1. Six or more apart or on different chains, Cβ atoms under 6 Å: show the pairs whose first residue is in segment 11-29 and under 19 Å from VAL229 (Cβ atoms) and whose second is among the aromatic types (Phe, Trp, Tyr) and more than 8 Å from the ligand (Cβ to nearest atom).
2. Give me a count of the residues in segment 217-234 that are touching a residue at least 40 places away in the same chain (Cβ under 8 Å), under 21 Å from the mean Cα position of the chain (by Cα) and over 18 Å from LEU30 (Cα atoms).
3. How many residues are surrounded by fewer than 21 Cβ atoms within 10 Å (Cβ to Cβ) and either under 19 Å from HIS192 (Cβ atoms) or of a type outside the set (Lys, Arg) (or both) if we restrict to segment 230-242?
4. Tell me which residues, restricted to segment 236-294, are of a type in the set (Gly, Ala, Ser), closer than 21 Å to ALA100 by Cα and outside any strand (DSSP E or B).
5. Residue by residue through segment 147-167, note down the ones that are outside any loop (DSSP other than H, G, I, E, B) and among the small types (Gly, Ala, Ser).
6. Checking ALA73 against (1) more than 15 Å from VAL140 (Cα to Cα); (2) free of Cβ contacts under 8 Å to residues at least 60 places away in the same chain; (3) hydrophobic (A, V, I, L, M, F, W, C), which single condition isn't satisfied?
7. For segment 178-214, which residues satisfy the criterion of being in a helix (DSSP H, G or I), among the hydrophobic types (A, V, I, L, M, F, W, C) and more than 13 Å from the ligand (Cβ to nearest atom)?
8. Could you check segment 135-159 and list, in sequence order, the residues that are farther than 16 Å from ILE31 by Cα and of a type in the set (A, V, I, L, M, F, W, C)?
Amino acid sequence: MKKNMKIKAPAKINIGLTITKRRLDGYHDLISVMEQISLSDVLLLEPQREGGWRYFCSEPSLSGKDNLVCRVASLLAERSKERELPGVKISLYKNIPAAAGLGGGSSDAAAALKGLNSFWNLEMSPEDLLEAAALIGSDVPYCLQGGTALVQGRGEKLEALPAFPFHWVVLAVPSGMHLSTAEVYAALKPVHLGQPRLHTLIAAIREQSAELLHEWFGGGMTNTLEAVVAPKHPRLPVLRRQFLDLGLYPVMSGSGPSFFALCENLSTAKAAAFALQEAGHRVFLSWTLSGLYNQKE
Ligand code: C5P
């Protein structure tokens, strides 16, 4: 009998995101520096007597068969239909806010790929898994690989970067606000494309330079898509200002609406998290996963 498997599915943040062009297939080419954070969903795989797979989600709105986890299970089961696969109950316990630009669904899908490959003994190679990931969604390849990465193309071209230095992450999502990635991308105009340029950020990570990181965040604009969503959602410029008033640099993640700030100091991060919660946002105090924890306090 198979054993239970528990797989963590961490959220991702875009420390910088530039959309460079609209492609003929309707997607967009992008350049992004991505990092994973400690805020995670959990995927549980449990053997079940009857064959096939069953899906349960702690969040009723994500319980439908259109969930990315179900798409992964269907894809892998379809590809292996000549084999008898051990029956599995797939349970997804959500912590990452959905439709917030944090890649929660993509990370769940990456966890399902890894987990089912092992649970069903499919022996898919890392390359096979990355190829399947790209079929499921643009952020799934990065979520599968993890680490600090430079991500390009539609999201499928990955280059590992040196580990992003450890930071606390104060994450705030305006309560009740969800944005559709497809709608945000559809509202992009040619004037938005190509900004910001990520050279300073990439150099900061390659050289592990705190000065260059300050220069990057101090430059203001870190994500092309903020210029698209901020004018339509006045709560976002307010949230940006609240971070600035706390002495922190605000960064929008992915297609929003979550904003985060990176802190070296835990007490600063806790105080900011408390203030943003008091202001009515959903707040998470998290940390970056790649760099080594070396707290100076
Ligand atoms: O790939 P995924 O299904 O996550 O993308 C959701 C939507 O976001 C796409 O349908 C597309 O409209 C938009 N998108 C894009 N270019 C990307 C990634 C996503 O236009 N590189």
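1. ILE13/PHE260
2. Total meeting the criteria: 1.
3. Qualifying residue count for the region: 9.
4. Of everything in segment 236-294, those that are of a type in the set (Gly, Ala, Ser), closer than 21 Å to ALA100 by Cα and outside any strand (DSSP E or B) turn out to be SER253, GLY254, SER255, GLY256, SER258, ALA269, ALA272, ALA273, ALA275, ALA279, GLY280.
5. ALA149, GLY153, ALA160, listed by residue number.
6. ALA73 satisfies all of (1) more than 15 Å from VAL140 (Cα to Cα); (2) free of Cβ contacts under 8 Å to residues at least 60 places away in the same chain; (3) hydrophobic (A, V, I, L, M, F, W, C) except (1).
7. Scanning segment 178-214 gives VAL191, LEU201, ILE202, ALA203, ALA204, ILE205, ALA210, LEU212, LEU213.
8. LEU135, ILE136, LEU144
The values are calculated or read from the model by the stated rules, or taken from the named source; none is laboratory data. Since we're looking at a predicted model, the values are computed, not measured. Note: ideal-geometry Cβ built from the backbone for every residue, glycine included; neighbour counts use all protein chains shown.
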